[in-house]
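To start, the structure under review is shown below, and the notes come after it.
Any read-out appearing in this document is the output of simple, stated calculations on the displayed coordinates, not a laboratory observation. These figures come from a predicted structure and were not determined experimentally. Every residue, glycine as well, gets a Cβ built from its backbone with ideal geometry; the counts of neighbours run over all protein chains shown.
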Amino acid sequence: MQRLRSAGFAQEQTEAITRSIHSGVTGGVATRTDLERVEGDLTAKIETVHSNLTAKIERVEGALREEISVIRTDLRWIKLIGGGILAVLVLPWLSKLAEAVLN
């Protein structure tokens with residue numbers, strides 16, 4: 001302020017200029033405390049998202065395991081039914097073939 005006064009500025013002008021410069025320099029600057037608070041907020045949000053995603057993945061994994069179990073059971077039944085159909089179709093043919101070979 002002394003330099004401004006020496007340059008011929010009035011007291012009110014030097015105070016107004018000083019306040020403007022101070023506001024411009026410090027108004028948009030984040031302090032270390034500001035940054036630490038934002039870091040803490042972001043860390044908490046990331047942890048929340050991580051927890052939510054982990055829970056959703058576990059639910060989907062459980063549902064997929066159940067579906068796979070049902071499909072495996074269905075496949076076992078299909079094999080059994082297919083084997084039964086094959087036996088019904090092939091046994092008469094094998095019987096005739098054995099009869100032909102043995103006679």
ask   = Quick one: if you stick a label point 7 Å off each Cα along the C-beta vector at A100 and T48, how many nm between them?
value = 7.8
key: Matching label, percent of Cα pairs over 23 Å apart computed from the structure shown, candidates [x] 72; [y] 31; [z] 45   = [x]
inquiry  = Which one, Q13, L75, T31, projects farthest toward the positive side of the charge dipole computed for the chain from Cβ point charges (K/R +1, D/E -1)?
reply    = L75
task = May I ask you to derive the FRET efficiency for A30 and A10 from their Cβ-Cβ distance with R0 = 35 Å, giving the value to the nearest 0.05?
result = 0.55
task = Let me have the 222 nm mean residue ellipticity of the chain computed from DSSP H runs of 4+ only, each contributing -39500 (n - 2.57), with the sum over all residues rounded to the nearest 500.
result = -32500 deg cm²/dmol
query = Let a ≥ b ≥ c be the square roots of the eigenvalues of the Cα gyration tensor of region 1-55; is it rounded (a/c under 1.5), or, if not, prolate (a/b larger than b/c) or oblate?
reply = prolate
